[in-house]
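Student: Handing you this structure, nothing more for now.
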Amino acid sequence: MHDQPTHLPPPEDVLEIGAPEQFAALAHPLRQRLLFALGHRPATVRQLAAQLEAKKGNVAHHLKVLREAGLIHIAETRQVRGGTEQYYQRTARHMVVAEPQAAGTAAMFAAFAQELDLSPAATHLTLRHLRLSPTKARELGETLARLVDEAEEEAEDRPLHGVLVALYQQALPAAATSSV
């Protein structure tokens with residue numbers, strides 16, 4: 001009996017996050033961790049529960065929410081001891097938040113902070129403010145995206161690392177915008 005199914009449909013390359021149910025699905029740290037865990041290969045409820053040290057019932061519930069939001073799908077099913085085992089997979093390799101909303105962003109940062117706290121290795125976290133022209137800001141954003149997209153992955157026995165990239169223009173104080 002195999003631990004993994006043999007033929008899985010490949011996920012789409014990019015999924016743009018924008019629907020309210022997608023932001024709602026991202027609002028729970030365990031769902032974020034499930035998406036991270038499904039980033040490289042499909043897995044069953046049992047495998048995910050063991051990997052994340054969570055209860056199978058909780059994992060199943062949160063997978064249902066992610067599936068209803070279109071963030072994951074069932075990649076394959078197989079019969080096991082009279083039951084059906086489902087392998088879940090992300091619908092896309094990369095998920096991009098097209099127009100960030102406060103609730104979704106807060107949920108993503110909360111999950112990110114939880115991952116940082118759980119990290120067994122030294123982490124790198126930098127916040128820096130730069131004065132940039134619109135052209136330079138666009139170039140920096142494209143460079144950051146390219147760095148992440150072109151990063152070469154090593155063998156599956158290597159540790160998994162999370163990468164969060166954000167570039168934003170800082171909002172002016174309300175008093176400054178009203179006088180402009």
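The values are calculated or read from the model by the stated rules, or taken from the named source; none is laboratory data. A quick note: this is a predicted structure, and the numbers were derived from the prediction, not measured. We place every Cβ from the backbone using ideal geometry, glycine too, and count neighbours over all the protein chains shown. SASA here: full protein model, heavy atoms, side chains in, ligands and nucleic acids out. Shrake-Rupley method; radii C 1.70, N 1.55, O 1.52, S 1.80 Å.
Student: Cβ-Cβ below 6 Å, separation at least six or inter-chain, first residue in the stretch 144-155 and part of a helix (DSSP H, G or I), second open to solvent by less than 100 Å² (accessible area, probe 1.4 Å): which pairs?
Tutor: Qualifying pairs under 6 Å: LEU144/VAL165; VAL148/VAL165.
Student: Can you run down the residue pairs with Cβ atoms below 7 Å, 6 or more apart or on separate chains, where the first is in the stretch 75-89 and over 12 Å from GLN47 (Cβ atoms) and the partner is charged (D, E, K, R) and open to solvent by less than 50 Å² (accessible area, probe 1.4 Å)?
Tutor: Close Cβ pairs satisfying both conditions: THR77/GLU85; ARG78/GLU85.
Student: Let me ask something additional. Yes or no: the stretch 60-73 includes at least one residue that is surrounded by fewer than 16 Cβ atoms within 10 Å (Cβ to Cβ), at pLDDT below 85 and under 23 Å from ALA98 (Cα atoms).
Tutor: The answer is no, given that none of the residues of the stretch 60-73 is surrounded by fewer than 16 Cβ atoms within 10 Å (Cβ to Cβ), at pLDDT below 85 and under 23 Å from ALA98 (Cα atoms).
Student: Of (1) open to solvent by 70 Å² or more (accessible area, probe 1.4 Å); (2) touching a residue at least 24 places away in the same chain (Cβ under 8 Å), MET95 satisfies all except one. Which?
Tutor: (1)
Student: Residue pairs, Cβ under 7 Å, 6 or more apart or interchain, first in the stretch 41-59 and without any contact (Cβ under 8 Å) to a residue 40 or more places away in the chain and under 19 Å from THR77 (Cα atoms), second in a loop (DSSP other than H, G, I, E, B) and not β-branched (Val, Ile, Thr). List them.
Tutor: ALA49/LYS55
Student: Would you kindly identify the helices (runs of 4 or more DSSP H) lying entirely within the stretch 24-88 that contain at least 1 residues that are of a type in the set (Val, Ile, Thr)?
Tutor: On the way: elements: 29-37, 45-52, 56-68.
Helices (runs of 4 or more DSSP H) meeting the threshold: 45-52, 56-68.
Student: Something else: Look at the stretch 122-136 and say how many of its residues are part of a loop (DSSP other than H, G, I, E, B), over 20 Å from GLN32 (Cα atoms) and of a type outside the set (Val, Ile, Thr). Show your work before the answer.
Tutor: In the first step, residues of the stretch 122-136 are kept if they are part of a loop (DSSP other than H, G, I, E, B); the result is 122-133.
The next check asks that each one be over 20 Å from GLN32 (Cα atoms); those that pass are 122, 126-133.
Narrowing the set further to residues that are of a type outside the set (Val, Ile, Thr) leaves 122, 127-133.
Number satisfying all stated conditions: 8.
Student: Can I ask one more? Given GLN79, GLN101, which one is touching an Asp or Glu at 6+ places or on another chain (Cβ under 8 Å) and open to solvent by 70 Å² or more (accessible area, probe 1.4 Å)?
Tutor: Going through GLN79, GLN101 in turn, just one is touching an Asp or Glu at 6+ places or on another chain (Cβ under 8 Å) and open to solvent by 70 Å² or more (accessible area, probe 1.4 Å): GLN79.
Student: Take the conditions closer than 25 Å to LEU15 by Cα and either among the polar types (S, T, N, Q) or surrounded by fewer than 12 Cβ atoms within 10 Å (Cβ to Cβ) (or both) and apply them to ARG146. Does it pass? Steps first, please.
Tutor: On the way: closer than 25 Å to LEU15 by Cα: yes; either among the polar types (S, T, N, Q) or surrounded by fewer than 12 Cβ atoms within 10 Å (Cβ to Cβ) (or both): yes.
Yes; evaluated as a whole, the condition is true for this residue.
Student: Among the residues of the stretch 102-111, are any under 25 Å from HIS40 (Cβ atoms), out of contact with any strand residue (DSSP E or B) (no Cβ under 6 Å at 6 or more places or on another chain) and in a loop (DSSP other than H, G, I, E, B)? I'd like the intermediate steps shown before the answer.
Tutor: If we filter the stretch 102-111 for residues that are under 25 Å from HIS40 (Cβ atoms), which is where we start, we get 104-105, 107-111.
Now drop any that are not out of contact with any strand residue (DSSP E or B) (no Cβ under 6 Å at 6 or more places or on another chain), which leaves 104-105, 107-111.
Filter once more, so that each one left must be in a loop (DSSP other than H, G, I, E, B): none.
There is no residue in the stretch 102-111 that is under 25 Å from HIS40 (Cβ atoms), out of contact with any strand residue (DSSP E or B) (no Cβ under 6 Å at 6 or more places or on another chain) and in a loop (DSSP other than H, G, I, E, B).
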